[in-house]
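Asks: Got a structure for you, written out below as structure tokens; questions coming shortly.
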Amino acid sequence: MRRLAFQLVAFALLLAAAQTALVRIWPNPPPSETVRDTVRSLRATVVLLGDSVNHTPCATDTNRAPISRMLARRLAPRVAGISRGGFDLAVFDAMCRFLARRAETPRTVFIEVNVASLWGDGRSPYTTHKLVALDLWRYDRPLLDAWVRPLQVWRFPLAAPDLRLDAYLDQPVVHGGRTLGPLREFQAGHPRYAVPTEAAIREHVIVRYLQPLAPNNRLLDHAASAARALVRRGHRAVFFVVPVNHEVCEPMFPGEFRAAIAAKVAALRRAVEPQGAEVIDLSTALPADCFAVAAYPNEHLNQRGRDFVAARLADVMPAGPGP
């Protein structure tokens, strides 16, 4: 038994030495720009985590500033905005836990919630958010940096997708108690969406906003984790639900649309408010003329819409400098 234990220890040390040498010869890729943005945000008093809603302007805008910059113009503290298209609560959780670990002074963190991402159990076949989380994890653990590539190659949970892409696209789209088809038939590149007919727009709204939310939704678990990490370290966690174009969508599904959005906002509140976080619900706060012109309804805002969101976020900040 002792000999076996000695052999195992020797093998582990040899493997560690070999892996460390390999990384010296073939270094890991440098951290992504998103990770560098997150590190730079440690100098800010206010941090805004968002997706394309934050930074995507409308073609007719004269002021193309993102929400985070509009917010910065209203506040004395320095504001850092970190956003990429497709980001969700999973990657925001990793960022919040990083900020909570490293930030020395209390700060306010605004965390965007896009209700279009809240459906099903929240599992994703895409790994962008996991790679960001892994980079942030290794940033604080330089001694483990040598093992990043093996974690990715061996598809450990830290770097593996939550489910296969085929399984994700095979999920049923449901409405009115019946299945309309698999999700793959309702993707943006499908021929049925080449022309924005009334039927295609209705289907788009069904898929984007009316899919039910599972009780064990992982994104809500991530929201609770982010809130818990920040509040425990003395930071302020403020989740803001971005506006949806309810004036366009509600007439298609009278009563049903607003009820579906309200139910998802309520689920978010149940997840984060017990952790000490705050929720600002802007889901139905804007009229249709505050949204960017688009063939299919989405959450992108024109400059009036972005300025409105920035003003509402500024309203919850104390007067004068400080978090």
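Asks: For Asp121 and Asp140 in one chain, what is 0.36 nm times their gap in residues minus the Cα-Cα distance, to one decimal in nm?
Replies: Taking 0.36 nm per residue and subtracting the Cα distance, the gain is 3.8 nm.
Asks: Can I ask one more? What relative contact order, as a whole-number percentage, does the chain give when Cα pairs under 8 Å and 6 or more residues apart are counted?
Replies: Reported as a whole number, the value is 25 percent.
Asks: Then there's this: May I ask for the angle, rounded to the nearest 10°, between helix 89-102 and the longest principal axis of the chain, with both axes built from Cα atoms and the value confined to 0 to 90°?
Replies: It works out to around 50 degrees.
Asks: Continuing with the same structure: Any chance you could give the angle, 0 to 90 degrees and rounded to 10, that helix 128-139 forms with the longest Cα principal axis of the chain?
Replies: Helix 128-139 sits at roughly 40 degrees to that axis.
Asks: I would also like to ask the following. Ordered by residue, what ³J(HN,Hα) values in Hz, to whole numbers, does the stretch 112-119 give under the Karplus form 6.51 cos²θ - 1.76 cosθ + 1.60, where θ = phi - 60° and Gly and Pro are x?
Replies: Result, rounded to whole Hz: 6, 10, 9, 4, 5, 8, 9, 7.
Asks: Taking R0 as 35 Å, what's the FRET efficiency between Arg64 and Leu165 from their Cβ-Cβ distance, rounded to 0.05?
Replies: 0.55
Asks: A follow-up question, please. Decide, for the stretch 154-251, between rounded, prolate and oblate: order the square roots of the alpha carbon gyration tensor eigenvalues as a ≥ b ≥ c, take rounded if a/c falls under 1.5, and otherwise choose prolate if a/b is larger than b/c, else oblate.
Replies: Oblate shape, in that a/c is at least 1.5 and b/c is the bigger or equal ratio.
Asks: A further question follows. Could you let me know the centre-to-centre spacing of the stretch 240-271 and the stretch 286-313, using Cα atoms, in angstrom?
Replies: Between the Cα centres of the stretch 240-271 and the stretch 286-313 lies a distance of 15 Å.
Asks: Can you order the peptides 275-287, 227-239, 170-182 by their average number of other Cβ atoms within 10 Å per residue, highest first?
Replies: Ranked by mean Cβ neighbours within 10 Å, highest first: 227-239, 275-287, 170-182.
Asks: Quick check on the chain: take the gyration tensor over C-alpha atoms, sort the square-rooted eigenvalues as a ≥ b ≥ c, and tell me if it's rounded (a/c under 1.5), prolate or oblate.
Replies: Since a/c reaches 1.5 but b/c is at least a/b, the shape of the chain is classed as oblate.
Asks: So what J values fall out for the stretch 269-278 if you push phi through Karplus, 6.51 cos²θ - 1.76 cosθ + 1.60 with θ = phi - 60°, rounded to Hz, Gly and Pro as x?
Replies: Ordered by residue, 3J(HN,Hα) equals 4, 4, 7, 10, 5, x, 8, x, 8, 10 Hz.
Asks: Take each of the peptides 194-205, 215-226, average the number of other beta-carbon atoms within 10 Å over its residues, and list them starting from the highest.
Replies: So the peptides 194-205, 215-226, ranked by packing, come out 215-226, 194-205.
Asks: Could you order His129, His55 so the one with the most accessible surface comes first? Probe is 1.4 Å.
Replies: His55, His129
Asks: Any chance you could give the angle, 0 to 90 degrees and rounded to 10, that helix 198-209 forms with the longest Cα principal axis of the chain?
Replies: Roughly 40 degrees, rounded to the nearest 10.
Asks: Under 1.5 on a/c is rounded, so check that first for the stretch 230-323, then, if it is not, pick prolate when a/b is larger than b/c and oblate when it is not; a ≥ b ≥ c are the square roots of the alpha carbon gyration tensor eigenvalues.
Replies: oblate
Asks: Give, in nm to one decimal, the length gained when the segment between Gln187 and Arg40 is fully stretched (0.36 nm per residue of separation minus the Cα-Cα distance).
Replies: Value of the extension gain: 49.3 nm.
Asks: On average, how much accessible surface per residue is there in the chain, in Å², for a 1.4 Å probe, leaving out ligands, DNA and RNA?
Replies: Using a 1.4 Å probe on heavy atoms only, each residue of the chain averages 49 Å².
Asks: Something else now. Might you work out the accessible area of Glu273 for me, using a 1.4 Å probe with all protein chains in place, and round it to the nearest 10 Å²?
Replies: 80
Asks: With a 1.4 Å probe and every protein chain kept in, tell me what percent of the accessible surface of the chain is carbon plus sulfur.
Replies: Percent of accessible area from carbon and sulfur atoms in the chain: 58.
Asks: Figure the gain on full extension for Arg232 and Glu256 (residue separation times 0.36 nm, minus the Cα-Cα span) and round it to one decimal in nm.
Replies: 4.9 nm
The values are calculated or read from the model by the stated rules, or taken from the named source; none is laboratory data. All values derive from a computational prediction rather than experimental measurement. All Cβ positions, even for glycine, are placed from backbone atoms using ideal geometry, and neighbour counts span all protein chains on display. Calculation scope for accessible area: heavy atoms of the full protein, side chains included, ligands and nucleic acids excluded. Shrake-Rupley method; radii C 1.70, N 1.55, O 1.52, S 1.80 Å.
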